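Data block below; observations after.
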Amino acid sequence: MQKRSSVVPGTGLSIVAYAALVTFSVALFLFFGGALWKAPREASHVLRFAVSYLAVIPAGMLLLAGARRLSWAHLVATTGSVWALKMVITVVLYQAFARGTATEVIAVAPPHPSGTVAQGTEYRPATGPFASGSIHGRVVAGGKGVVGAIVYLDAPGPGKPVLQTAAVDLVIQGSRYEKPLYVVEGEDRVRLVNRDSSLHTLHFHGVGRLPANRPLPPQAEPRTLELPEPGFYQVRCDNHPGEGAWIVVADHPYVTTTGEGGEFVLADVPVGPARVVAVAAGYAGAQRAETQASVGQSDRSELTLDLADLRESAR
């Protein structure tokens with residue numbers, strides 16, 4: 001008969017058998033369907049999670065039967081405690097190894113079908129007075145003005161100071177983001193908030209070096225999000241195909257939203273060439289347009305940006 005001190009309390013299993021069960025479950029998570037760190041970028045890990053959890057039940061029954069301790073109480077205690085321990089371990093492993101998704105491929109997304117390119121120049125405010133003008137324009141789609149589109153400059157020269165830091169929460173509820181389009185300006189702090197009872201992940205899509213995938217367990221505390229370089233990105237969940245949103249990341253204050261009729265104004269823009277980008281997004285997909293402007297000190301540039309559909313959608 002096993003000594004009481006060698007049995008994991010409540011489970012009926014010896015410490016060795018219990019550790020073997022945990023190891024077996026974690027190994028299934030890492031290797032089922034192929035090694036996690038070699039998974040293709042678009043891989044869904046739903047089956048990997050499901051198999052690694054469900055396999056604990058029959059494996060636990062066999063171990064308990066072999067120890068002649070099989071009972072409902074022992075099986076429930078064994079399964080529940082192994083699942084809890086496995087969740088902690090696999091969340092750490094997922095974040096360490098599932099970088100977009102495979103670590104053997106540097107976390108760089110394939111070229112965005114729209115040609116969206118993240119900014120490569122860090123914005124710096126002007127150290128003193130600077131010559132400036134304004135950009136006035138209208139964002140349209142199919143000849144009609146687009147309300148609520150985001151208009152921003154791509155890699156502007158030194159100009160206005162960065163706005164005061166704000167908090168931006170990406171809220172997931174009902175396997176859906178609270179908004180289809182988010183804007184992050186300057187040094188804004190971005191948090192991930194999961195209000196569901198299921199695991200979600202945040203997976204960036206775009207051009208350039210991207211942050212690692214971020215798993216967000218159910219009802220977890222909000223987590224600060226590492227952001228990519230300035231640009232236009234899509235975020236999706238590996239576990240829920242219909243869960244997605246779009247993010248404009250800007251390290252400068254030259255960002256605005258179109259009003260009624262699609263009109264917009266960007267004021268105090270440094271004199272010289274400026275690339276103007278407009279984006280609009282819904283849960284089904286996004287539209288984007290860009291144009292080059294020449295900003296003069298004593299006049300204003302008039303622009304019209306006609307949005308075109310992006311082939312990559314949030315589905």
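Every read-out reported here was derived from the displayed coordinates using simple, explicitly stated rules and does not represent laboratory data. Not measured: the values here are computed from a predicted model. For neighbour counting, all protein chains shown are included, and Cβ atoms are generated from backbone atoms with ideal geometry for every residue, glycine included.
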Relative exposure of PHE31, PHE232, PHE130, PHE204, judged by other C-beta atoms within 10 Å (fewest first) = PHE31, PHE130, PHE204, PHE232
Using 0.36 nm per residue, how much length does the chain from SER198 to GLU263 gain when fully extended, once their Cα-Cα distance is taken away?
-> 19.3 nm
Quick one: ASP196, ASP238, fewest Cβ neighbours within 10 Å first, how do they rank?
-> ASP196, ASP238
In a shell of Cβ-Cβ distance under 12 Å around ALA166, excluding ALA166 itself, what net charge do Lys and Arg (+1) and Asp and Glu (-1) give?
-> -2
Calculate, for VAL92 and THR127, the FRET efficiency according to 1/(1 + (r/R0)^6) with r their C-beta to C-beta distance and R0 35 Å; round to the nearest 0.05.
-> 0.20
Expressed in nanometres to one decimal, the distance between label points 7 Å along Cα→Cβ at SER134 and ARG275 is 2.6
Taking neighbour counts of Cβ atoms within 10 Å as a proxy for exposure, in what order, fewest first, do TYR152, TYR18, TYR94 appear?
-> TYR18, TYR94, TYR152
How big, in percent, is the set of alpha carbon pairs in region 161-315 lying more than 19 Å apart?
-> 58
When N is the residue count of region 119-159, what does its C-alpha Rg come to as a fraction of 2.2 N^0.38 Å?
-> 1.59
Say each of LEU47 and LYS144 gets a label point 7 Å from the Cα, pointing the same way as Cα to Cβ; how far apart are those two points in nm?
-> 4.3
Inter-part distance where region 211-272 and region 188-204 are each reduced to a Cα centre, Å | 13
